[in-house]
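Asker: The structure under discussion is supplied below as structure tokens; questions concerning it will follow.
A short reminder: the numbers here are calculations on the coordinates, not readings from a lab. This one's a predicted model, so the numbers in the text were calculated from it and none came from an experiment. When we count neighbours, we look across all protein chains shown, and the Cβ atoms used for this are built from the backbone with ideal geometry, even at glycine.
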């Protein structure tokens, strides 16, 4: 993977330095334009099995339900965080902008979305998860102190203010494919995009067309899982760390400030500087802003975005998954459970539709996955490290 990244693609300079951020103080005071057209924009799914959402369909974007524990590169087990979703849901306008940004990435690169919409339940679960760690050894804080310190890492659930509860916040990174795998990925993606949308997205019959689509999707995700790796951003996803001088390495402009301060960078620092710039510039080119304290957190339309962009108001408020969203979520969960059962040689889970009939698309996962592999498998993607109490450090910035 020594292939150099193209840093100027489609007229977008991906090598530009990341500029200073606006102060985040007072971000909660930004109003929400609840009369605007975007306020009621629907949530749409990203990733696999989204071909029926043609206006936002972008198979070039991959997802990893890290809080659901979709793969064993997640530090969480399935069911460990109440309310976690395996599906990555975002607002329709966010999905369209992610698709636009994906076209700006250098060849061989793709977005991996790890944490977009959070339900109120999972936001509460994350908060409780950190609070309980701080109340346990080696910290042994009282509950009152633990609640205060937890807010350095995870915001308290708030329908008015939690950016991840709007569908406008996206935690993501970039993965790079091995050259041969990228060529195969392009071939498979072209095949996938050439297929017509399903005539009956919620149908129970696995037609030859749907079986073909499924096979291609499994091949693509096997390539992503086994023949790609995350770009080096200097810190692992969700890691909170500092250098020997106490400077927060997790801050978005850490390497920019180090370059400005020292006049140069060590060889091991040049790669994360370049990679953070690629991610930042590709997304900012289509209207996203970034949370100043994390190199993986991008926003559009929420209060963080309003604060960083200078917009007079946020476009999005609280959003909850619709019944259609949860139908998609149920299919994803049943599919995931079947893959785990396959790996353990257990009985497959039957997925029922609203009429109580068996959904054959999910029920046939055994026959196909036996040849193509399951979704929850080891890959070259770094573990999140934020839940390790030894890595906790106090921060003064607002947390997403």
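Asker: With an 8 Å cut-off on Cα pairs and a minimum separation of 6 or more residues, tell me the relative contact order of segment 1-136 in percent.
Answerer: That works out to 25 percent.
Asker: I'd like the FRET efficiency for residue 37 and residue 120, computed as 1/(1 + (r/R0)^6) with the beta carbon distance as r and R0 of 35 Å, rounded to 0.05.
Answerer: 0.90
Asker: Defining a contact as two alpha carbons under 8 Å apart and six or more residues distant in sequence, what relative contact order in percent does segment 64-222 show?
Answerer: Answer for segment 64-222 is 22 percent.
Asker: Would you kindly state how much longer the chain becomes between residue 226 and residue 160 on full extension, computed as 0.36 nm times their sequence separation minus their alpha carbon distance, in nm to one decimal?
Answerer: 19.7 nm
Asker: Would you please give the FRET efficiency between residue 324 and residue 145, computed as 1/(1 + (r/R0)^6) with r the Cβ-Cβ distance and R0 = 56 Å, to the nearest 0.05?
Answerer: FRET efficiency, residue 324 to residue 145: 0.85.
Asker: Report the calculated FRET efficiency for residue 25 and residue 72 (r = Cβ-Cβ distance, R0 = 41 Å), to the nearest 0.05.
Answerer: On the way: r = 40 Å, r/R0 = 0.97.
Here the calculated transfer efficiency is 0.55.
Asker: Before anything else, pin down the relative contact order of segment 240-314: Cα pairs under 8 Å, at least 6 apart, normalised by residue count, whole percent.
Answerer: 23 percent.
Asker: Turning to a different aspect of this structure: Taking neighbour Cβ counts within 10 Å as the exposure measure, how do 149, 25 sort from fewest upward?
Answerer: 25, 149
Asker: Please give the length that would be gained between residue 209 and residue 183 if that part of the chain were fully extended, namely 0.36 nm times their separation in residues minus their C-alpha to C-alpha distance (nm, one decimal).
Answerer: On the way: separation 26, 0.36 × 26 = 9.36 nm, distance 2.35 nm.
Roughly 7.0 nm would be gained on extension.
Asker: Ordered by packing density, taken as the mean number of other Cβ atoms within 10 Å over each peptide's residues, highest first, how do 299-305, 257-263 rank?
Answerer: The densest-packed peptide leads the list: 299-305, 257-263.
Asker: Highest first, please rank the peptides 104-117, 222-235 by the mean number of other Cβ atoms sitting within 10 Å of their residues.
Answerer: Most protected by this proxy first, the peptides run 104-117, 222-235.
Asker: Oh, and also: What list do you get for 256, 294 if you sort them by fewest beta carbons within 10 Å?
Answerer: Fewest to most other Cβ atoms nearby, the residues stand as 256, 294.
Asker: Taking the Cβ of each residue in 166, 207, 244, 289 as the centre, tally the other Cβ atoms inside 10 Å and list the residues starting with the fewest.
Answerer: Arranged by neighbour count, lowest to highest, 166, 207, 244, 289 become 244, 207, 289, 166.
Asker: Give me the extension gain from residue 82 to residue 261: residue separation times 0.36 nm, minus the current Cα-Cα distance, reported in nm with one decimal. Show your work: numbers first, answer last.
Answerer: Numbers: separation 179, 0.36 × 179 = 64.44 nm, distance 4.37 nm.
Fully extending the segment from residue 82 to residue 261 adds 60.1 nm.
Asker: Determine the distance separating the Cα centre of segment 81-98 from the Cα centre of segment 263-312; give it in Å without decimals.
Answerer: Between the Cα centre of segment 81-98 and that of segment 263-312, the gap is 19 Å.
Asker: Could you grab the Rg to Rh ratio for segment 22-68? Cα atoms only, Kirkwood for Rh.
Answerer: 1.13
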